[in-house]
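Heads up: the structure comes next, in structure tokens.
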Amino acid sequence: MSTVEKDFDRLALLDSGGWTQNNHYHDFLLRHVPQDCTHALEIGCGTGAFSRRLAQRAQRVTAIDLSSEMIRVARSRSSQLSNLDFEVADLMSRDFPAENFDCIATIATLHHLPLRPALLKSIDTLRPGGVLLVLDLFETESNLLKLSGARDAMLNAVAAGVSVSLRFIHNGRLKPPREVRAAWEEHGKTDSYPTLDQIRTLAAEIAPGAKVTRHLLWRYSLIWQKPEARLNQMI
Ligand SMILES: C[S@@+](CC[C@H](N)C(=O)[O-])C[C@H]1O[C@@H](n2cnc3c(N)ncnc32)[C@H](O)[C@@H]1O
């Protein structure tokens, strides 16, 4: 079993379903789900909070996750939704038909995967006209001698204040419980993130026209509509 799988099996048991820095952006992502979405895919669905919301917008949702514990909890929280299927699967070894989904969403997951192959695989199984929705973490600039480092330090301080306030408003506490913090700290030791420049450069190459946005709570979004078939052949 990989470290990532073990970490998330542990984290699944600690998930209380409250406010998080990821679900804070669910409404933003849902605004980009195409109308008449027939089949949506979520990659790295965790305990399925976004999958359940997607299932209210799409006729059918397939949600995959590497962690069997995440999928067990996701299924137990979703029994009322008959158009939502969960599956234990690793994106990189799961074969999907080409041009299969109208919408593919992934939240806080791509940084666990090789970014370019994972995005290319997602793009391949997205239908022309379909929409890719990515929310993930990025590396901020830590060198305070650079202008971007000073700006990031200031934004980090604002983000920390906003995050603590929102957690208190929604979850009634300033910090996650001790055991949750310990599990995330352990997991964080193996986490690494691309920079925004790396994400923008890659997006320009493989998903031209993608909109990459920096969000306050240490996340970026990448929203991209795959060109319709005729346009696709021209690029
Ligand atoms: C930080 S969690 C985010 C979960 C959920 N998207 C959320 O926003 O709460 C990342 C998830 O990605 C899953 N994951 C990591 N690598 C994966 C892979 N190769 N294929 C599928 N899921 C993966 C993990 O098991 C974990 O549940």
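The values are calculated or read from the model by the stated rules, or taken from the named source; none is laboratory data. Everything quoted here is computed from the prediction, not taken from an experiment. In this analysis, Cβ positions are derived from the backbone assuming ideal geometry, glycine residues included, and neighbour counts consider all displayed protein chains. Protein only, heavy atoms only, side chains kept; ligands, DNA and RNA dropped before computing areas. Shrake-Rupley method; radii C 1.70, N 1.55, O 1.52, S 1.80 Å.
Tabulated data
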quantity: Hey, A63 free of Cβ contacts under 8 Å to residues at least 40 places away in the same chain and farther than 18 Å from A118 by Cβ or not; calculated: no
quantity: Top-ranked residue of segment 127-136 - restricted to ones that are among the hydrophobic types (A, V, I, L, M, F, W, C) and either more than 14 Å from the ligand (Cβ to nearest atom) or over 20 Å from W218 (Cα atoms) (or both), ranked as nearest to the chain's Cα centre (by Cα); calculated: L132
quantity: Subset of segment 1-55 that is among the β-branched types (V, I, T) and near the ligand (Cβ under 8 Å from one of its atoms) - its residue that is surrounded by the most Cβ atoms within 10 Å (Cβ to Cβ); calculated: T47
quantity: Answer from A98, A74 - the residue that is small (G, A, S), assigned to a loop (DSSP other than H, G, I, E, B) and free of Cβ contacts under 8 Å to residues at least 40 places away in the same chain; calculated: A98
quantity: Enumeration of residues in segment 78-95 that are out of contact with any Gly (no Cβ under 7 Å at 6 or more places or on another chain) and either without any contact (Cβ under 8 Å) to a residue 24 or more places away in the chain or assigned to a strand (DSSP E or B) (or both); calculated: S79, Q80, S82, L84, D85, E87, V88, S93, D95
quantity: A153 under 18 Å from T20 (Cβ atoms) and open to solvent by less than 60 Å² (accessible area, probe 1.4 Å); calculated: no
quantity: Conditions (1) under 17 Å from N22 (Cβ atoms); (2) more than 16 Å from the chain's Cα centre (by Cα); number of the one not met by T109; calculated: (2)
quantity: Test set (1) within 27 Å of A182 (Cβ to Cβ); (2) more than 10 Å from the ligand (Cβ to nearest atom); (3) open to solvent by less than 20 Å² (accessible area, probe 1.4 Å) - T62 fails condition number; calculated: (1)
quantity: Number of the condition not met by E141 [criteria: (1) closer than 21 Å to S221 by Cα; (2) open to solvent by less than 50 Å² (accessible area, probe 1.4 Å); (3) in a loop (DSSP other than H, G, I, E, B)]; calculated: (2)
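For every residue, the table says whether it meets (1) open to solvent by less than 30 Å² (accessible area, probe 1.4 Å); (2) within 9 Å of the ligand (Cβ to nearest atom).
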site: D85; (1), (2): no, no
site: M92; (1), (2): no, yes
site: A98; (1), (2): no, no
site: F101; (1), (2): yes, no
site: A105; (1), (2): yes, yes
site: T109; (1), (2): yes, yes
site: R116; (1), (2): no, no
site: T125; (1), (2): yes, no
